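S.K.: Sharing a structure, written as structure tokens. Questions coming.
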Amino acid sequence: MKIKRYLAASMRQALAQVRAEQGPEAVILSSRRVDDGIEVVAAVDYDESLIAGAARRAATMPAGSDAAPAAAPAEPPPVAAPRPTARRQAMPRAGVPATDRPMPAAPRHEPRTDTADAATDAMRREIRDLRRLLEGGFARLAWREARNEDPWKAWVLDELAAIGLTADVARRIAESAPDDLHAVDRARIPLALLARSLPLVEDRTCEAGGVVALVGPTGAGKTTTIAKLAARWCAQHGADQVALVSTDGFRIGAREQLRTFARILGVPLHAADNGADLARVLGCVVARKLVLIDTAGFGPREPGFAEQLQMLRSGAAHARVLLALPAPSEAVALQTAVAGYRALAPGGCVLTKIDEAASLGAALSVAVGASLPIAYLCNGQRVPEDLHGAHRRRIWLVKLAAALRARAHPPAAMPDRAPPIAGARAHA
């Protein structure tokens, strides 16, 4: 193993030295701030036992210790997985026939015990914890350096984070902020950047029709959204060309709400319990211009989720899919839903229950982060008044996100001026 200490003015310079001398396989063992700058200890060709020992020492080290990594540049080098030390095989002696060379001893395979398995698992956890410790510390240092170098973009990021955007999305948007803003109203820049970043799509279900399936987790508002779409169609084209289909045979009384809407609108409701039923039902209503499919609500980790996806794949493979996402949900729950339903390739999402949300940051972050276009906004229970095409409500959506933020967080102080672009002539 080769271990070396590097000293540089900044973490970015130190890591550049590590890459240049030890290559991409180098592993950062520790970093700390010293009088002359940043000290980084890196290693290459290391073994697992040393890393495990370092992980145990880091785990027991008190907070704030100099030996603990402070933080990192925006793009720290990946921590390489431990590689077993390879034994160097001796070269054959000249003049000795291959048949006369001593054969290597057969490796001894001893059965692994439960104790050995547990020790290996513990070592892997320690290595993983050390990696998180290092990467987390590097990220904090990178952010502190970024705030000092560019206070203007740091303020933009703070404003976006206050709206509730996740850290990765807020940072991505803040990086797109212009540097020279002397001639514009800089106070509006964070919201303008957010508005520009929102992926929106004009969905023409209520004009062109087709077969549309609403999917999403339990309680996402799929049934009410189906009713709003059907009512909007009926108001424009009449009720004789629309049909409703329910695949939710899992919850007791799940179809009763949709049946009530169907009776009020004067449209037929069909039920399907599997892929074959769904294909048969769609064949029966093929003459209808608009067919709306209301699906059972499942989270990706719930029993029945895979069955529901398979039903849609086999029975309605040609359907256009919209994913209902409840705006009050946390980012992790929304991200899980988006990842789970990605197999159906949704053409857009419907942000529901906006009127119940204390913040829109999580929902907007998921849409931006996943590049999932927002098709509709639902901000109430009225049918169909509280259904809005998202492409016409971009500014309204951003202003609402800012208004919700203002209720919980007072705006941060804006820097006196934005830093000028390097090499540009200073404005008077």
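S.K.: Within the bounds of region 45-57, is there any residue that is among the polar types (S, T, N, Q), modelled with pLDDT of 80 or more and out of contact with any Gly (no Cβ under 7 Å at 6 or more places or on another chain)? Give the steps one after another, and end with the answer.
M.R.: Pass one, region 45-57, residues among the polar types (S, T, N, Q): 49.
Pick out the ones that are also modelled with pLDDT of 80 or more and you get none.
No, because not a single residue in region 45-57 is among the polar types (S, T, N, Q), modelled with pLDDT of 80 or more and out of contact with any Gly (no Cβ under 7 Å at 6 or more places or on another chain).
S.K.: Let me ask another. Filter region 260-295 for residues that are crowded, with 21+ Cβ neighbours inside 10 Å, assigned to a loop (DSSP other than H, G, I, E, B) and aliphatic (A, V, I, L, M) and give the result.
M.R.: 267, 272
S.K.: In this structure, is residue 257 surrounded by fewer than 23 Cβ atoms within 10 Å (Cβ to Cβ), in contact (Cβ under 8 Å) with a residue 24 or more places away in the chain and under 34 Å from the mean Cα position of the chain (by Cα)? Steps first, answer last, please.
M.R.: Numbers: surrounded by fewer than 23 Cβ atoms within 10 Å (Cβ to Cβ): yes; in contact (Cβ under 8 Å) with a residue 24 or more places away in the chain: yes; under 34 Å from the mean Cα position of the chain (by Cα): yes.
Here the answer is yes, as residue 257 does meet what is asked.
S.K.: Within region 223-279, can you find the residues that are within 20 Å of residue 319 (Cα to Cα) and of a type in the set (Val, Ile, Thr)?
M.R.: Those that are within 20 Å of residue 319 (Cα to Cα) and of a type in the set (Val, Ile, Thr): 223, 224, 225, 226, 242, 245, 247, 267.
S.K.: Only one of 251, 320 is open to solvent by 50 Å² or more (accessible area, probe 1.4 Å), under 34 Å from the mean Cα position of the chain (by Cα) and modelled with pLDDT of 95 or more; which?
M.R.: Working: 251 fails: modelled with pLDDT of 95 or more.
Checking each option against the conditions leaves just 320.
S.K.: Which is at pLDDT below 75 and either under 25 Å from residue 125 (Cα atoms) or open to solvent by less than 20 Å² (accessible area, probe 1.4 Å) (or both), of 29, 15?
M.R.: Working: 15 fails: at pLDDT below 75.
Answer to the check: 29.
S.K.: Would you check which residues across region 332-365 are touching a residue at least 60 places away in the same chain (Cβ under 8 Å) and closer than 15 Å to residue 299 by Cβ and list them? Before you say what the answer is, go through the steps one by one.
M.R.: First pass over region 332-365, keeping only residues touching a residue at least 60 places away in the same chain (Cβ under 8 Å): 333, 337, 341, 344, 346-348, 350, 352-353, 359-362, 364-365.
The answer is 333, 337, 341, 344.
S.K.: Does region 180-192 hold any residues that are modelled with pLDDT of 80 or more and open to solvent by 60 Å² or more (accessible area, probe 1.4 Å), and which are they? Break it down into steps so the answer makes sense when it comes.
M.R.: In the first step, residues of region 180-192 are kept if they are modelled with pLDDT of 80 or more; the result is 188-192.
Answer for region 180-192, where residues must be modelled with pLDDT of 80 or more and open to solvent by 60 Å² or more (accessible area, probe 1.4 Å): just 188.
The rows are residues; the columns are (1) assigned to a strand (DSSP E or B); (2) open to solvent by less than 10 Å² (accessible area, probe 1.4 Å); (3) among the β-branched types (Val, Ile, Thr).
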position: 173; (1), (2), (3): no, yes, yes
position: 178; (1), (2), (3): no, no, no
position: 194; (1), (2), (3): no, yes, no
position: 219; (1), (2), (3): no, no, no
position: 224; (1), (2), (3): no, no, yes
position: 229; (1), (2), (3): no, yes, no
position: 240; (1), (2), (3): no, no, no
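S.K.: Moving on. Go through region 10-36 and give me each residue that's part of a loop (DSSP other than H, G, I, E, B) and under 34 Å from the mean Cα position of the chain (by Cα).
M.R.: At the first step, the residues of region 10-36 found to be part of a loop (DSSP other than H, G, I, E, B) are 10, 23-26, 35-36.
10, 23, 24, 25, 26 - these are the residues of region 10-36 that are part of a loop (DSSP other than H, G, I, E, B) and under 34 Å from the mean Cα position of the chain (by Cα).
S.K.: Could you list, in sequence order, the residues of region 369-379 that are closer than 13 Å to residue 351 by Cα and open to solvent by 10 Å² or more (accessible area, probe 1.4 Å)? Spell out the reasoning first.
M.R.: Going residue by residue through region 369-379, those that are closer than 13 Å to residue 351 by Cα are 372-379.
Within region 369-379, 372, 373, 376, 379 meet the criteria.
S.K.: Any residue in region 352-375 that is among the acidic types (Asp, Glu), assigned to a loop (DSSP other than H, G, I, E, B) and on the phi < 0 side of the Ramachandran plot?
M.R.: First pass over region 352-375, keeping only residues among the acidic types (Asp, Glu): 355-356.
Applying the additional criterion that residues be assigned to a loop (DSSP other than H, G, I, E, B) yields none.
Scanning region 352-375, I find no residue that is among the acidic types (Asp, Glu), assigned to a loop (DSSP other than H, G, I, E, B) and on the phi < 0 side of the Ramachandran plot, so the answer is no.
S.K.: For region 356-382, enumerate the residues that are farther than 21 Å from residue 162 by Cβ and not hydroxyl-bearing (Ser, Thr, Tyr). Don't jump to the end; show me each part of the working.
M.R.: From region 356-382, those farther than 21 Å from residue 162 by Cβ are 370-382; that's our starting set.
Hits for region 356-382 are 370, 372, 373, 374, 375, 377, 378, 379, 380, 381, 382.
S.K.: Moving to a separate point now. Scanning region 242-259 for residues that are among the hydrophobic types (A, V, I, L, M, F, W, C) and part of a helix (DSSP H, G or I), which turns out farthest from residue 304 (Cα to Cα)? Write out each step before concluding.
M.R.: Keep residues of region 242-259 that are among the hydrophobic types (A, V, I, L, M, F, W, C), which gives 242-245, 250, 252, 254, 258.
Then drop every residue that is not part of a helix (DSSP H, G or I), which leaves 254, 258.
On the way: 254: 15, 258: 21 Å.
Within region 242-259, the match that is farthest from residue 304 (Cα to Cα) is 258.
S.K.: Next up: Mind listing whichever residues of region 296-317 are open to solvent by less than 50 Å² (accessible area, probe 1.4 Å) and not aliphatic (A, V, I, L, M)? Write out each step before concluding.
M.R.: Within region 296-317, the subset open to solvent by less than 50 Å² (accessible area, probe 1.4 Å) is 296-300, 304-305, 308-309, 311-312, 315-316.
Scanning region 296-317 gives 297, 298, 299, 300, 304, 305, 308, 315.
S.K.: Another question, if that's okay. Considering (1) in contact (Cβ under 8 Å) with a residue 40 or more places away in the chain; (2) more than 26 Å from residue 334 (Cα to Cα), say which one residue 239 fails and leave the rest.
M.R.: (1)
The values are calculated or read from the model by the stated rules, or taken from the named source; none is laboratory data. This one's a predicted model, so the numbers in the text were calculated from it and none came from an experiment. Reconstructed Cβ throughout: ideal geometry from the backbone, glycine too, with neighbour counts over all protein chains shown. Please note that ligands, DNA and RNA were not included when accessible areas were found on the heavy atoms of the full protein model with its side chains. Shrake-Rupley method; radii C 1.70, N 1.55, O 1.52, S 1.80 Å.
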